[in-house]
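> First the structure, which I've put down as structure tokens, then a few questions once you've had a look.
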Amino acid sequence: MDVSVVIPNYNYSRYLKGRLESIVSQTMGVYEIILLDDASTDDSLDVLYDWIESRNIEVRVMRND
């Protein structure tokens, strides 16, 4: 069974890679990751997109203005 994972984010780029790695290392498979970004002003989305490039996981970004 694979699960969808929702990650709320606001200016947590320094923790984001660790959060993502922790999620994919769990015993349940990940079907998709949904990142809810509340208009971060740091490089959170850059960190996310760099991480996605080396994975085969569907990631959806929902960014608030």
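> Taking springs between alpha-carbon atoms closer than 10 angstrom, which of SER44, SER13, SER25 fluctuates most in the Gaussian network model of the chain?
Among SER44, SER13, SER25, the largest GNM mean-square fluctuation belongs to SER25.
> Please compute the net charge surrounding SER4, taking Lys and Arg as +1 and Asp and Glu as -1 over other residues with Cβ under 12 Å from its Cβ.
Numbers: positive: ARG60; negative: ASP2, GLU32, GLU58.
Residues close to SER4 contribute a combined charge of -2.
> Can you list residues whose amide H is under 5 Å from ARG63's amide H, if they're 5+ apart or on another chain and H is modeled 1.01 Å from N?
When sequence neighbours closer than 5 places are left aside, the close amide H contacts are ASP37.
> Also: Once phi is turned into ³J(HN,Hα) by the Karplus curve 6.51 cos²θ - 1.76 cosθ + 1.60 with θ = phi - 60°, what whole-Hz value does each residue of region 42-58 show in order, with x for glycine and proline?
In residue order, the calculated couplings are 9, 9, 3, 5, 4, 4, 4, 5, 5, 5, 4, 4, 9, 10, 10, 10, 6 Hz.
> Still on this structure, I have one more. Binned at 10 Å from 0, what are the whole-percent values of the Cα-Cα distance distribution for the chain, short to long?
Pair shares across the bins are 21, 59, 18, 1.
> If I take R0 = 30 Å and measure r between the Cβ atoms of MET1 and ALA39 in this structure, what FRET efficiency does the formula 1/(1 + (r/R0)^6) give, to the nearest 0.05? Write out the running numbers ahead of the final one.
Details: r = 33 Å, r/R0 = 1.11.
So, using R0 = 30 Å, E works out to roughly 0.35.
> Relative to the longest principal axis of the chain, what angle (0 to 90°, nearest 10) does the C-alpha long axis of helix 13-24 take?
The two axes meet at around 10 degrees.
> Calculate the dipole size of region 21-65 relative to its Cα centre from +1 charges on Lys and Arg beta carbons and -1 charges on Asp and Glu beta carbons; express the result in debye to the nearest 20. If you can, show how the numbers build up before the last one.
Numbers: 3 positive and 11 negative charges, 54 e Å.
Approximately 260 debye in magnitude.
> When the helices in the chain are scored as -39500 (n - 2.57) per DSSP H run of 4 or longer and the sum is shared across all residues, what 222 nm value do you end up with, to the nearest 500 deg cm²/dmol?
Working: 2 runs with 21 residues, N = 65.
Taken over the chain, the calculation gives -9500 deg cm²/dmol.
We did not get these values from a lab; they are worked out from the coordinates using the rules stated. Being a predicted model, the structure only gives us computed values, none of them experimental. Virtual Cβ from ideal backbone geometry, glycine too; neighbours counted across all protein chains shown.
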